[in-house]
1. Treat the stretch B:120-166 as a sphere of radius equal to its Kirkwood radius over Cα pairs and apply Stokes-Einstein at 37 °C in a medium of 0.692 mPa s; give the translational diffusion coefficient in µm²/s, rounded to a whole number.
2. From zero outward in steps of 20 Å, how is the percent of C-alpha pairs of the protein assembly as shown spread across the bins?
3. Listing B:89, B:175 from the residue with the fewest other Cβ atoms within 10 Å to the one with the most, what is the order?
4. Hey, with R₀ at 56 Å, roughly what FRET efficiency would residue A:107 and residue B:216 work out to, going by the Cβ-Cβ distance, to 0.05?
5. Return an integer: the convex hull volume of the alpha-carbon atoms of the stretch B:130-259, in Å³ per residue.
6. With a point put 7 Å past each Cα toward its Cβ, work out how far residue A:4 is from residue A:242 in nm, to one decimal.
7. Kindly state, to the nearest 0.05, the FRET efficiency for residue B:45 paired with residue B:239, given R0 = 22 Å and r defined as their beta-carbon distance.
8. Using the Kirkwood radius over C-alpha pairs as Rh, can you work out the diffusion coefficient of chain A via Stokes-Einstein at 4 °C, viscosity 1.567 mPa s, in µm² per second?
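Values in this text are rule-based calculations from the coordinates and carry no lab data. Keep in mind it's a predicted model, so treat the numbers as computed, not measured. Every residue, glycine among them, receives a Cβ derived from its backbone with ideal geometry; neighbour counts consider all protein chains shown.
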């Protein structure tokens, strides 16, 4: 079977833990295809197993039933075809920004490394910061470095675990634009776990809505709107209302029909 | 005023000794205490100069320094390796940690009779007890540093396919550095403290401790004070050197939490 590079498939995946002799189901019968080059968000409240699902895709979690496939091959462990950006930037404080970006580039020689580091720092708008230490950076800048580190490895798929969750509201919106720009530039598959509805709508081609206990897929919404998206447009609002309804947070606006 | 931070900290550290010396001179001049009990600062300085020029005081200092440094280095190297070993291996911790914690409750001075019976009255047992005194703090702090490496960093290393050796050298040791540095500083203090015990309880003619002992026998308070001040100054100087080295090794300023 031939598949386009950067395709990730989850088939009939279930996972449960045993806590005090009780079976605790985390994920139940998950089926999703992440098409090559798409931006897909997994949206859900905390405890729905979305981070567990991401850890399975990353290869850190290996105990589950069903299949997780990349380009048709079973995921056996972490690999350089997948990059990850965590919610905490997870930069090592004793390494400079440049050394942090080069964290996964051990196989290359010094010159190749420098080239990739410079390229990716430029890409995230942090040229000239290679000798700074993470403690000198703001939250948004640190997260950009983390993104540069993940991209420097040239992954086919970038996994994003609530990457903007720790940032303030304005920085967050700005970084969403940046993520979109990077996605369009790199043309790779991006899979983002988030609990921010607007963020998911702004960035995604497809939103997978999950619900908790056990974690199941409740609904998959395709978003065909043109980019960049206007957060204030009626279409955006309409999708938002549709998603919020899934979380039982929908509001009825009787006047909307009167206008 | 434009006084640099460094000058300020140096001035701050000598302020208290200077005040104490002035107070000391005042007490002496006012005639509150007999000079046989507390000699004047002037007398102490005179004794110091005489002993340096005529009585080979520097020879005693060098001998004591050699003792301290030998014991200190043996102690920190073995303590570091032991701490690293029980920090990395849960099995090793289970086997060694309880006995280690029991043994370290016994004052090292309590071991001196036994050590002397085994090895005789010579340089070896003196160095051994100094090494033992340095061993505990470095072992405990290395262990704590290794155990407190954030799980997130270890996870990051496994995402990037780091093997065990790379995990230790690139993640665990740099992350444990502040704790190890604290252990080294404490070990140095313990070495100096144990030097006095080594020279007083395992009789010898050479060393600063023996000079203090002779001062006591001859009721020469100035000589005792010369010994005490010498040990204090050397201990302070060596601690400062260790701190400078630790700060130089501490890239990314984990130790220096500057305000």
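1. D, rounded to a whole number, is 240 µm²/s.
2. In whole percents, the pair-distance histogram is 17, 36, 25, 16, 5, 0.
3. With the sparsest Cβ surroundings first, the list reads B:89, B:175.
4. For R0 = 56 Å, the calculated efficiency reads 0.25.
5. 127 Å³
6. Roughly 2.2 nm, to one decimal.
7. Efficiency at R0 = 22 Å is approximately 0.40.
8. D = 67 µm²/s.
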